[in-house]
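The values are calculated or read from the model by the stated rules, or taken from the named source; none is laboratory data. If you're wondering where the values come from, they're calculated on a predicted model, not measured in any experiment. Cβ atoms come from the backbone with ideal geometry, glycine included; neighbour counts cover every protein chain shown. What goes into the accessible areas is simple: the full protein's heavy atoms, side chains included, and nothing from ligands, DNA or RNA. Shrake-Rupley method; radii C 1.70, N 1.55, O 1.52, S 1.80 Å.
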Amino acid sequence: MTRDKWIRFRKSIEKALPLPMLLPRLTLLLALVGMTMPASAAIDPPPEPKWAIVIHGGAGAMARGKLSKEQDRAIRIALAGALDAGARILKEGGSSVDAVEAAVKVLEDDPNFNAGRGAVLTYEGGISLDAAIMDGKTRKAGAIAGTTIAKNPISAARKVMTDSPHVMLSGTGGDAFVTEMGLETADQAYFETPERRRQLEELKSKDGAWFDKEIKYGTVGAVALDTQGHVAAATSTGGLTGKRWGRIGDSPLIGAGTYADDRACAVSATGAGEYFIRVGVAHEICARVRLKGEKIVPAATAVMAEVKALGGDGGVIVIAPDGQIGWSFNTPGMYRGGRDSTGRERIAIYGDE
Ligand code: ASP
């Protein structure tokens, strides 16, 4: 519920009921709302935010009790580090594109997330990384799919945007571009972790399992608003454990997992990519904001309901040029965080926080 809606809601209740009767009823009502409310939230915008950033490190089955204390702590530290990297740029008047790239790089370098180092493994046991970035000011975009060598796929995606006439490169061609552009590369030993190898072996031992159902979609992403009023979005992923046949998910697809448009908002998604592609999630949210005048969180929640209706799960982070920021997800948890120019900050993992 947004702040405006909440104030109107509270006033209408206060009018209808005298205060002594109101308190117990309000408590009950809040308990009911809390139980049925979808896992989405608007972080109240400051009156005139100068800049803001929201990040995610994937959504999925991370209910309370599923993560060890150490994992919980490591994730929160990593999310704070990514917010620091983006906020540092925005605070100094840097662009939202620079900020989302910097935030995503931090998460790509952290083996706790399914992007860059620590990405999930393909069916053959290899690495195949996807990323996309979009500038809401110009609606220029760049993406790379199936790179096996870019140490930071998000920087490769940005290079596609700035130094090629294309929007998306893939496979061996994408890797040739990475090499030609002199971007930093790494080999399988850098990307692979023992935990990802174990997850692949577990998946392959299950008969007929396409994807890991207990999955934490550890894709990473960032959306930002800069002091010039421009938004940007970036997403990076290893895809799904055991993916094969050159499978590509929503993350590098402009309009599905990533989209930014100053006339509407910026979106980065995580979840069961096939459903996000079919719904065209990121563009659909922006279209609702631009053409229907919806606020970003109701728009995101409506589109996530469509994903759910088709059988998919996951989540999105959103930001708008007027300073609205928020997220929406239909999984037990989502690694997420936000910070803005007023000093407001929030880092969360579970659906109930
Ligand atoms: N959306 C990603 C994909 O389908 C997976 C994730 O979010 O972790 O490739």
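Provide the per residue accessible area, probe 1.4 Å, for segment 79-205, rounded to a whole number of square angstrom. Counting only protein heavy atoms, the per-residue value for segment 79-205 is 40 Å².
Within 14 Å, Cβ to Cβ, of F276, how many net charges do the neighbouring residues add up to if Lys/Arg are +1 and Asp/Glu are -1?
Every neighbour counted, the sum reads -3.
Accessible surface ranking for Y350, Y190, 1.4 angstrom probe, highest first: Y190, Y350.
With viscosity set to 0.890 mPa s at 25 °C, what whole-number translational diffusion coefficient in µm²/s follows for segment 47-122 from Stokes-Einstein and a Kirkwood radius over Cα pairs? Don't jump to the answer; show the numbers that get you there.
Working: Rh = 13.5 Å.
Estimated diffusion coefficient is 181 µm²/s.
Pairs K204/K243; K66/K243; K204/K308: which exceed 21 Å Cα-Cα?
Numbers: K204/K243 11 Å; K66/K243 24 Å; K204/K308 27 Å.
Correct reply: K66/K243; K204/K308.
Summary of packing: across the peptides 141-148, 73-80, the per-residue average of other C-beta atoms within 10 Å ranks them, highest first, as 141-148, 73-80. Entry note, segment 213-353: relative contact order of 20 percent, from Cα contacts under 8 Å with a spacing of 6+ residues. Counting Lys and Arg as +1 and Asp and Glu as -1 over every other residue whose Cβ lies under 13 Å from the Cβ of A145, the net charge comes to -1. Relative protection proxy for 247-257, 154-164, from highest mean packing down: 247-257, 154-164 (other beta-carbon atoms within 10 angstrom). When a 1.4 Å probe is rolled over the protein heavy atoms, the share of accessible surface on segment 276-353 that falls to carbon and sulfur comes to 51 percent.
Label segment 244-307 by shape, choosing from rounded, prolate and oblate, from the square roots a ≥ b ≥ c of the eigenvalues of the Cα gyration tensor; if a/c is under 1.5 it is rounded, and otherwise prolate applies when a/b is larger than b/c, oblate when it is not. It is prolate, given that a/c is not under 1.5 and a/b is the larger ratio.
For H166, the solvent-accessible surface with a 1.4 Å probe is about 100 Å², rounded to the nearest 10.
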